[in-house]
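Presented below is the structure to which this report refers.
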Amino acid sequence: MFGYYLDLAIRSLKRNKVLTALMVIAIAVGIGASMTTLTVMHLLSGDPVPTRSGTLFYPQVDPSPLPDPEHIHKPWDVMDYRSATDLWNAHRADRQALVASSALRLTAPEVNQPPLMAQMLSTTSDFFPMFDVPFQFGGSWQPQDDQRRARVAVISSDLNIKLFAGANSVGRTLRLKDSDVRIVGVLAPWRPSPQFYDVRGGRFSNGNTSGFYSKPEDVFVPFSSSLEINAGGIQWFTCWSSPDPNVKIEDSPCLWVALWVQLDSAAKVDDYRHFIADYAAQQKSLGRITRADNTMLCSLMQWLDFNQVVPSDVRLQTWLAFAFLLICLFNTVGLLLAKFLRRTGEIGVRRALGATRGAVLEQCLVEAGLIGLLGGVGGWLLTLLGLALIRRQPVEYADLLHLDTAMFLLTFALAIAASLLAGMVPAWRASRVALGLQLKTL
Amino acid sequence: MIMEIRPIFASLRKHRIPAILIVLEIALACAVLCNAVFMISQRVADIHLPNAIDEQGIVAVRLDGTDDKLAGSDIPRNLAALRGIAGVQSVAVTSTLPLSHNNWGWSFGLKPDSVVTDQTNTNVSLLFISEGGDKALGLQLLQGRFFNSDEYANSAFGSAPLPETHVVVVTRNLAEKLWPGQPAVGKTLYSMPHYYTVVGVIADVLRPYVSSQSSRNYYTTYYPLSAGGSKGYLSRYILRGAPQDRDRILHEAEQKLGQLNPAAVAKGQTYSDIRTQFFADMSSMAWMLVLVCVVMLAVTAFGIVGLTSFWVSQRRRQIGVRRAVGATRGHIMQYFQTENFLLSTAGVVIGMGLAYGINLYLMQHYEMSRMPWYYLPGGAIGLWLIGQVAVLGPALRAAAVPPVVATRAA
């Protein structure tokens, strides 16, 4: 029967081409708008480390010596050097990495190119295995390099292409500010969305969070070495009192170091929670901090939620697109109603010849579904167009945008579901056509 | 007209579902339209925020990676070289520029014992400039004076994060906020142990970072700074020339600074590009909203056309009967127009309520202010008009039905 209904539907759609085109276009435009914004949402709110995000955690203690009797402040987004390195040195997690970033001048002495300003990530050796960072050549530095303050570096795929035309550059030298470092590893293209390990301060950003989707740093250097190379270039998150420029950044009253840990089981997570609480209590008894009970241990996804990483403009656009889809659906409901009710005579004949109401309903829904399928094709093309338009905008996440298989299938599922939903009322009305009345008018 | 309404109601009662559909479609369109147009107007207002510097004439070149210890000799040498470029009227160096994203905030109080952590303080942006900065930026002095040579020469960074000077120039907006109704010149900003006395008031200059619809976008303060005491904070060179020379000046300035400072990185931009880049997000959002509005109104109009045409074709016989018993074409037209007007009215009444509700929701969850009342009747009139335009075609077709139809069997 389905094949027959399909044939009927095609004939019916051909009969009034303008009306058919109107319905298909309405669905296509509604689907195109909502799938474009939904795809952006999907790519921006996804899991940046799908392989192991459940085991990654972000510990925080509140190192501020200022009292907060009413407990209104959550801990600051990052820690001071002392707290972060104390937690790191304890090695109580399965893996752990310190993170801080800075900008500096970068040259490759063996390559004839003008100097450039590069972003440097100061981190520790666990960073690469912990976040599943892919390597193209070479590999990470060793834990002892962190201790020895070795002058080594890992560089991004982009920088390797820019300086060395993509050749294996392991063993070559880079000059970072005034220090020479040896390249030990080159990353394969790596573009986590968002750049989660640098996410902080989302709650102070008024929803302007597109900066969280910028590219990873160009060069990665052991934390200890980077402090000798570029301590002055490190940007702190905030300070609880004015820093004295003559004091080293390690001793300044400023917050600038983040710590990420990997905890492989729920029991270890509990243990770690206790560990940071104990640490804070101990530091309070030493008189260094005042808010011992103000600690947090977010999982990676909780931390991203806490920072509301998806820009508020993107969320607003998604709402708008779905309101728009709803309008398109109402429009389709109206047009389908007109179309089906215009055929009451035909339906009356079918009913008189023995078709049940269910059969009429089915026939109408097949026609609605076919319109949905055609609208889905149009919606898919419009989604590609919409994404291409956003890719041309100067936003940080522009290069991330593409239509993946899940979203491609969802386009058609949504289009057919929407059109069936829109066809429901008109089909029901058509199946209720009063038999006798219609036959008399024929 | 009044006579006409009753039969319309009677017939609408028979076509409940299509009537409800049109009403809902208009209501939704009205609600989305009001809010979308309001968002567009906010974005457009943001994009056009006035900024009292010479936006068209300024070229900014950022010089990164220089040696802070040599700043005292390097900066005057760089400035002298830039001054030599043909077409450059004035040159200076500054810490940051309005709308450059690179913000240095600090909070000041008005009482001599204020410290930086006081809750009642006002957070402002700090911008440092070298001598001649007022001319290079094109700042417009409204009251008092700009800094004199001694003040430039004596201002330096010591061990504190604030410069060792005691003079400041503030914008008019900030002056009015801090000292409403009083002359600002001679007043003092405190963040002990530092204090700064206002020597001049300038026309409103935007902060390095502004946010949508904020009342604090002009909280900008300027301080003098000497090259030798700049500790690397003076890194953005400003060149002012005629707008048509900008691109050439930019290119030559990048080259000159690159040659003089081989170890550093020089990268320039015209100020209008800096501004465009800052608002790029907002303008793309505004264009998207415009597109959505246009397509949405078109979809709504076509929906009305479709449904009304269906009604017309269903009522051909009725129309023929009416024509046969003396109704003019005008009467028939009027019937469909009035019917559409009634449906639109029901739609916009619901739509205005919905628009108001959506606005309240957006105010709670997004950076959105209250929609002024006139957007509601504005949206209503818009949809009334669209309804009437959409119904025109089908109504004309209805009016063209000849009376003879009445005599034929349906």
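FYI, it's all coordinate maths here, none of it is from the lab. Computed from a predicted model, the values in this text were never measured in an experiment. Backbone-built Cβ (ideal geometry, glycine too); neighbour counts: all protein chains shown.
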Of the beta bridges DSSP finds with both residues in the protein assembly as shown, what % are antiparallel, to the nearest 5? 80
In nm, give the distance between the simple-model label positions of B:Ser149 and B:Gln182, each being 7 Å from the Cα along the Cα-to-Cβ direction. 3.5
Those aspartates and glutamates that a straight Cα-Cα span of less than 13 Å connects to B:Lys14, excepting residues fewer than 8 apart in one chain: none
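Which helices, counted as full DSSP H runs in chain A, have an axial Cα extent of no less than 15 Å and a Kyte-Doolittle average of 1.6 or above? Walk me through the numbers on the way to the answer.
Working: long enough: A:2-15 (20 Å, 0.02); A:17-44 (40 Å, 1.81); A:266-285 (29 Å, -0.80); A:312-341 (44 Å, 1.46); A:357-391 (49 Å, 1.34); A:405-431 (37 Å, 1.52).
Passing helices, by number: A:17-44.
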Greater than 21 Å separation of Cα atoms is the criterion. Which listed pairs, A:Lys215/B:Lys231; B:Lys111/B:Lys231; A:Lys74/A:Lys284; A:Lys177/B:Lys267; A:Lys215/B:Lys69, meet it? A:Lys215/B:Lys231; B:Lys111/B:Lys231; A:Lys215/B:Lys69
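Which trypsin sites (Lys or Arg not before Pro) in the stretch B:312-400 pass both tests, a DSSP loop state and at most 13 other beta-carbon atoms within 10 Å?
Values: sites: B:Arg315, B:Arg316, B:Arg317, B:Arg322, B:Arg323, B:Arg329, B:Arg370, B:Arg397; in loops: B:Arg315, B:Arg370.
Loop-located and lightly packed - B:Arg370.
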Using 0.36 nm per residue of separation minus the Cα-Cα distance, give me the extension gain between A:Leu373 and A:Thr356 in nm, one decimal. 3.5 nm
Note down the nm distance, to one decimal, between modelled labels 7 Å out along Cα→Cβ at A:Gln308 and at B:Val389. 3.7
Once you list every other residue whose beta carbon is under 12 Å from the beta carbon of B:Arg329, what net charge do they have if Lys and Arg are +1 and Asp and Glu are -1? +3
Any aspartates and glutamates with Cα under 16 Å of the A:Lys162 Cα? List them, leaving off those in the same chain fewer than 8 positions away. A:Glu110, A:Glu217, A:Asp218
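What is the extension gain from B:Arg370 to B:Ser272, computed as 0.36 nm multiplied by their sequence separation minus the C-alpha to C-alpha distance, in nm to one decimal?
On the way: separation 98, 0.36 × 98 = 35.28 nm, distance 3.11 nm.
My answer for the length gained is 32.2 nm.
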Per-residue counts of other Cβ atoms within 10 Å, averaged by peptide: what ranking do you get for B:190-199, A:30-39, highest first? A:30-39, B:190-199
For the stretch B:313-327, what does the Karplus curve 6.51 cos²θ - 1.76 cosθ + 1.60, with θ = phi - 60°, yield as ³J(HN,Hα) per residue in whole Hz, taken in order and with x for Gly and Pro? 5, 5, 9, 3, 5, 3, 4, x, 4, 4, 4, 5, 8, x, 6
Taking B:Phe302, B:Phe341 and counting other beta carbon atoms within 10 angstrom, the fewest-first order is B:Phe341, B:Phe302
Where in the stretch B:61-153 are there trypsin sites (Lys or Arg not before Pro) that are in a DSSP coil and have at most 14 other Cβ atoms within 10 angstrom of their Cβ? B:Arg145
With runs of 4+ DSSP H residues as the only contributors, calculate the mean residue ellipticity of chain B at 222 nm using -39,500 (n - 2.57) per run, divided by the residue total and rounded to the nearest 500. -17000 deg cm²/dmol
Mind telling me which of A:Val29, A:Val247, A:Val257 comes out most flexible in a GNM of chain A, alpha-carbon contacts under 10 Å? A:Val247
For the stretch A:230-317, which trypsin sites (Lys or Arg not before Pro) are both in a DSSP coil and crowded by at most 12 other Cβ atoms within 10 Å? A:Lys248
Label-to-label distance, nm, for residues given as B:Trp287 and A:Asp270 (7 Å Cα→Cβ offset): 5.6
Each residue of the stretch B:271-285 in turn: what ³J(HN,Hα) in whole Hz from Karplus with 6.51, -1.76, 1.60 and θ = phi - 60°, glycine and Pro shown as x? 5, 5, 5, 4, 5, 4, 4, 4, 9, 4, 3, 5, 6, 5, 5
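Work out how much length A:Asp404 to A:Asn16 would gain on full extension: take 0.36 nm times their residue separation and subtract the Cα-Cα distance, in nm to one decimal.
Details: separation 388, 0.36 × 388 = 139.68 nm, distance 3.53 nm.
Length difference between fully extended and current span is 136.2 nm.
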For the stretch B:197-214, Karplus-derived ³J(HN,Hα) couplings (6.51, -1.76, 1.60; θ = phi - 60°; whole Hz; x for glycine and proline) come out as 9, 6, 9, x, 10, 10, 4, 5, 10, 5, 6, x, 9, 10, 10, 4, 6, 8
